[in-house]
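Notes follow once the structure below has been shown.
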Amino acid sequence: MMTGTDRVALLKTNSFFVNAPEFLLTQIAIMAREESFKRGAFIYAKNDPAENFYVLLEGKVGHPEVQAAESQYSVATETDHPGQLFGFAALVQGMPRRVISARCERDSRVLVISGRVVQELASEQGREGHELLQTLTRSFAAHERGIASRSGWVSIRNAGKVYDPLGRSVVAVDDCSIEIRPGEFCAIVGPSGCGKSTLLNAIAGFDELTSGGITLDGEWINRPGDHPRPGPDRIVVFQNGALFPWATIRENLVRGPVAQGRMNEEQALEQARTMLRKVGLAEIEDLYPGAISSGMCRRVEIIRALLNDPRVILLDEPFRGLDALTKTVTHEALLELYDLSRKTILFITHDLEEAIYLADRVLVMTTRPGRIKQTIAVNLPRPRSHHLLTSPEFLRLKEEAIEAVHDEAVKAFAAGERELA
Ligand code: ADP
């Protein structure tokens, strides 16, 4: 067994850890465990869940899939330097399975580090922790491939909101903590009045929390006394829509990115047209919002949000009130646009089927005061299509969600009756 100091020294030999705060490295070193593997054994296989990542202590580890397709990948196919880090999938949300396997080419010893622990420790370290996660995630792109570094990490920490604290105080949200990883599609469901919109408004910067706080990419965006403000890095799409009625769809789409100076009109128009085509709206750019259906308006609004390149998109029951058929088309459009952009999305809804169909993770909130009661991981493959809706796994997840929400809905109903009495 190595001492904690030896482990920290070993971690520091790796360029990914060189700038990490000492405290964080010490914690990681303490939490890690040592494991030995025989020659030929798999440390992790391609289809294993990505829970841990690994640092080599001694031996030699190869990546069979990468070796098989060496010409396609410009990454190391084997690792025999002590201190070498491999298998970062554990740090990347939306990557429930490993992309490649790792097999020992000699008897090997590795340090096993829980990805979850690193995420938690890093999230407690604000900006420095965020930078470490970004560095590690970026290195994943080169190593296990396929994931670019992303921003849009929302961390809600022990958030609380009391409306009218001096009068008839209403505790809307209490001690609520949620981590939304960069690029994750996260849905929140729960009975009416449980505090979903309160949370979303706090992230958007519309309203101030009364306790706890929220960070975006490691920076505080909401905590008591700080007077939060909305920003272009967090775009909200509401159910009532917010396209300018006096401007054509084209003008509605192009205005934002051009005003921000990120693109000229031609570039913005090209991107807008690509997205409009993707969601079956190639012909509408000269029309005014009043001339298109509300389902189309929602699709245009999501495109407009994406063109503004926010770090997070917040959707507050955006498809409420759409008829079933329009909703199906709009869901498919949102899935297409999400696959294209992989922006962090927080989606609030009453509709359990919609939440499971769209999200990577469904969080069920309790009745007021709102907290997270249950997390449902949706490991359904992407790209998704409506065929999923009848798959056994989808139906199983739906049953789990119905169970969780039902109890809360009964409690909310009883509380409502008490309040009316
Ligand atoms: P949800 O979005 O889950 O339906 P909300 O976040 O809108 O719930 O509301 C949570 C609770 O806070 C509800 O009981 C609601 O009545 C109360 N609430 C929301 N906004 C205000 C406000 N501005 N003043 C007082 N109470 C409010």
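A short reminder: the numbers here are calculations on the coordinates, not readings from a lab. None of these values were measured; they are calculated from a predicted model. Don't worry about glycine lacking a Cβ; one is built from the backbone with ideal geometry, like all the others, and counts go over all protein chains shown.
Each of HIS406, HIS331, ALA204 was scored by the projection of its Cα onto the charge dipole of the chain, and the greatest displacement toward the positive side belongs to HIS331; charges sit on the C-beta of Lys, Arg, Asp and Glu.
Between the C-alpha center of the range 278-300 and that of the range 249-275 there is a gap of 15 Å.
Between ASP175, ASP309, ASP323, the GNM of the chain built on Cα springs shorter than 10 angstrom shows ASP323 fluctuating the most. Put in order of Cβ neighbour count within 10 Å, fewest first, the listed residues CYS194, CYS104 become CYS104, CYS194.
Under a model in which nothing but the beta-carbon of Lys, Arg (+1) and Asp, Glu (-1) is charged, the range 4-134 shows a dipole of about 280 debye around its Cα centre. In plain terms, if you count all Cα to Cα distances in the chain and split them into 20 Å steps from zero, the share in each step is 24, 52, 23, 1 percent. Magnitude of the charge dipole for the range 169-226, about its Cα centre and with charges confined to Cβ atoms of Lys, Arg (+1) and Asp, Glu (-1), is about 180 debye. Here's how it looks for PHE347: its modeled amide H is under 5 Å from those of CYS186, ALA187, ILE188, LEU315, which are all 5 or more places away or on a different chain.
Exposure proxy for ILE113, ILE292, ILE345: other Cβ atoms within 10 Å of each Cβ, ordered fewest to most, give ILE292, ILE113, ILE345. Restricted to Cα atoms, the range 290-390 shows a radius of gyration and a Dmax of 14.0, 43 angstrom. Ordering VAL236, VAL162 by the number of other Cβ atoms within 10 Å of each residue's own Cβ, fewest first, gives VAL162, VAL236.
For a straight C-alpha distance cut-off of 14 angstrom, the aspartates and glutamates reachable from LYS343 (same-chain residues fewer than eight places away being disregarded) are GLU184, ASP217, ASP233, ASP309, ASP360. Taking other residues whose beta carbon is less than 10 angstrom from the beta carbon of ASP339, and scoring Lys, Arg as +1 and Asp, Glu as -1, yields +3.
Taken over the range 247-309, the convex hull of the Cα atoms encloses 68 Å³ per residue.
Calculated mean residue ellipticity at 222 nm for the chain: -11500 deg cm²/dmol, from DSSP H runs with n ≥ 4 weighted as -39500 (n - 2.57), summed, divided by the residue count and rounded to 500. Computed over the alpha-carbon pairs of the range 4-134, the distance histogram in 10 Å steps reads 13, 43, 35, 9, 0 percent, short to long. Relative to the Cα centre, the charge distribution of the range 203-337, modelled as +1 at Lys and Arg Cβ and -1 at Asp and Glu Cβ, gives a dipole magnitude of about 120 debye.
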